[in-house]
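Before any comments, here is the structure.
The values are calculated or read from the model by the stated rules, or taken from the named source; none is laboratory data. Since this is a predicted model, take the numbers as computed values, not measurements. A quick note on method: Cβ atoms are made from the backbone with ideal geometry, for glycine too, and the neighbour counts reach across all protein chains shown. To get the accessible areas, we keep the full protein, side chains included, count just its heavy atoms, and leave off ligands, DNA and RNA. Shrake-Rupley method; radii C 1.70, N 1.55, O 1.52, S 1.80 Å.
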Amino acid sequence: QAIVYQACWAHGPVGWRAAPKNLRHAAGGHLRALARMSPLAGALTACVLVCCSALHPPQIQTKVAADVMPSDAGADTSRCDLRRVAERNALQKMRERDAWVALHSNHTKVDTMMAGALLAPYYPCPWTLAKTASVKEMIDGGKWVCGLAELAAARPRACVAYSLGVNFEISFEDRILRDTGGECVIHGYDPTMSPLEKVQSWVSGLPRNYHFHDQGIVGGETSQPNASAFGSKSTTLREALRRNGNAGGVDILKFDIEGYEYELLEEMDWASLRIGLILFEVHAGIIEGRLGRPYDAGALHRHLQRLESAGYRLYSAEPVCTGCSGQLELALIHRDWTPQAGFAAPLCPNVTGLPVPPTSGEA
């Protein structure tokens, strides 16, 4: 009991996670032993889990539960086991969605509710999930961020976020800065803001770590910035990361760029970049108006596949509003990124390339 108490309660606000590894293993072993002894002991084990979850965030409860499972594996192995299950499930859902689209969605309009159901999230956020602004506060613009609390606790000064599409509205950036104590470095891009005097006045009042760039972001390396919709006021995402010293990777990329997401989704080589979270709004109707042709469910599905093939997994999808046909908020996480370590965490072996069980009716 003393070992369980010390591991679960005696290590301050981060509890179980902050306990030494050998102590966590010892406590986990005691809990497993208790659970096997009798129904009463099993109830005591459940009580420990409930108490830990009441005192600590959900991700700590998950850690305790993983250690109580009948397994002698260490903490890292348990984490990797969960990731393997998540990836296996994701691949199965992705394959079934691909089959559905192949059968049904030729030239199907991106209706908000239909697309929201088709693009139901299939990947868990294993950390704290928080929305930057509820629909109760603002109808359009809130983004679901996975792991912001953990990122803020572990490495706030190493946090880097990019926000494409600003238009004098920085509630998203304010939330990131608030939760990281103002330490996260944020780069905002928007070439459409005017008049110049208003922009200059607005820039002068920005937070310390917010850097504004009067440029648009285009997708692929073959794009010709001077020939883009933004003329000479544009650059590629890769070049923007390089100029700002972030070629090694960033934690968050958010873009809400009123239909110009098409170029990023169509042209960007996502596998060549290291981005933890990608959060964006789809504006199907605006894309169709810009391109002069339909942006149907098949096209959106193809763009999602490009992200998935680069290791990104969909953990949140929701409609913007009932009258905003074809507008969706999507959020993806890279399977190799963690908020505590970015892309520096040791990779779990055998997470990629898992065999996917056959769907119903297949051999």
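Treating only the Cβ of Lys, Arg, Asp and Glu as charged (+1, +1, -1, -1), what charge dipole size does the range 75-334 show about its Cα centre? Round to the nearest 20 debye. Intermediate values should be presented prior to the final figure.
Details: 28 positive and 33 negative charges, 122 e Å.
It works out to roughly 580 debye.
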Tell me the relative contact order for the range 75-334 as a rounded percent, counting alpha carbon contacts under 8 Å between residues six or more apart. 22
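With the other protein chains left in place, how much accessible area per residue, in square angstrom, belongs to the range 75-334 at a 1.4 angstrom probe?
For the range 75-334, the solvent-accessible area averages 43 Å² per residue.
Within the range 114-206, list the GluC sites (Glu not before Pro) lying in a DSSP loop whose Cβ has at most 11 other Cβ atoms in a 10 Å radius.
Numbers: sites: 137, 150, 169, 173, 183, 197; in loops: 137, 169, 183.
For GluC sites (Glu not before Pro) across the range 114-206 that sit outside H, G, I, E and B with at most 11 neighbouring Cβ atoms in 10 Å, the list reads 137.
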Sorted by chain and number, the residues with a modelled amide H under 5 Å from that of residue 276, at a separation of 5 or more or across chains, are 250, 251, 252
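Could you tell me the calculated FRET efficiency between residue 103 and residue 138, based on Cβ-Cβ distance and R0 = 35 angstrom, to the nearest 0.05? Write down the numbers at each step before the final one.
Values: r = 38 Å, r/R0 = 1.07.
Given R0 = 35 Å and the Cβ-Cβ separation, E is 0.40.
For the range 75-334, with all protein chains present and a 1.4 Å probe, just round the carbon and sulfur fraction of the accessible area to a whole percent.
Working: 5960 of 11290 Å².
In the range 75-334, the share of accessible area belonging to carbon and sulfur is 53 percent.
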Could you grab the Rg to Rh ratio for the range 75-334? Cα atoms only, Kirkwood for Rh. 0.95
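Between residue 239 and residue 266, what's the calculated FRET efficiency when r is the beta-carbon distance and R0 is 25 Å? Round to 0.05.
Numbers: r = 18 Å, r/R0 = 0.71.
Using R0 = 25 Å, I get an efficiency of 0.90.
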Using a 1.4 angstrom probe on the protein heavy atoms only, line up 251, 269 by accessible area, largest first. 269, 251
Taking θ as phi - 60°, what are the ³J(HN,Hα) couplings along the range 308-321 by the Karplus curve (6.51, -1.76, 1.60), each to the nearest whole Hz, with x for Gly and Pro? 5, 5, 8, x, 8, 10, 7, 10, 8, 8, 7, x, 6, 6
Arranged from highest to lowest average of other beta-carbon atoms within 10 Å per residue, in what order do the peptides 82-88, 329-335 appear? 329-335, 82-88
In the range 150-225, which trypsin sites (Lys or Arg not before Pro) are in a loop and have at most 10 other Cβ atoms within 10 Å, using DSSP for the loop call? 208
Residue 236 long-range amide H proximity, modeled H, under 5 Å: 218
